[in-house]
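Here's the structure, in structure tokens; my notes come after.
What follows draws every value from the coordinates through simple rules; no lab data is involved. Bear in mind that the values here come from a model prediction, so they are computed numbers and not experimental data. Quick reminder, even Gly has a Cβ in these numbers, built from the backbone with ideal geometry, and neighbours come from all protein chains shown.
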Amino acid sequence: MEIRDAVAEDSRGITAIYNDAVLNGRAIWNERAVGVANRAQWIEDHRSADLPVFVAVEGDTVLGYASYGPYRDFDGYRQTVENSVYIREGQRGKGVGQALMAALIDHARTHGKHVIVAAIEASNTGSIALHEKLGFERVGLLKEVGSKFGAWLDLVFLQLILEEEAPQ
């Protein structure tokens with residue numbers, strides 16, 4: 001398995017993982033699948049904003065992907081980012097998510113970020129456990145803030161503080 005920056009050619013694999021999460025799971029709170037062009041544009045938008053998108057690949061197969069983006073669109077949050085990590089069905093629990101998250105955390109540290117926030121649907125115990133294993137701390141729970149498949153969804157917040165220095 002190799003962890004590397006995503007390129008446009010990875011869009012098909014990323015789209016398959018994304019759409020599986022949309023159509024069959026509660027990790028993504030969207031209800032409509034997207035096309036390959038949508039994910040290719042998403043990769044390009046991240047690249048243009050100097051934001052990472054990493055893929056885990058084995059040969060030509062995308063096993064998973066991870067990214068982060070702004071936590072909120074206000075100047076005071078510029079050193080805080082929110083991460084996403086998604087793994088292909090059949091590849092979960094094999095270290096793919098941990099490898100992707102390690103790359104993401106390293107990128108955030110080397111790019112002056114202070115905090116990574118994870119917002120995870122409360123029943124996604126695998127993702128919560130992964131984040132906690134990597135040092136994220138549970139800091140909040142928002143009850144019934146979303147819905148999907150006819151059920152109310154709770155959102156768990158976790159955070160990882162990357163460095164302790166005060167802002168300049």
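Table for the structure above
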item: Label-point separation in nm, Glu2 to Glu137, each point 7 Å along Cα→Cβ; result: 3.9
item: Rule-of-thumb Rg ratio for the chain [Cα; 2.2 N^0.38 Å; N residues]; result: 1.01
item: Most fluctuating residue given options Asp20, Asp154, Asp45, as computed from a GNM of the chain linking Cα atoms under 10 Å; result: Asp45
item: Rounded to 5, percent antiparallel among DSSP beta bridges of segment 2-161; result: 90
item: Contact order relative to length of the chain, as percent, for alpha carbon pairs under 8 angstrom and 6 or more apart; result: 19
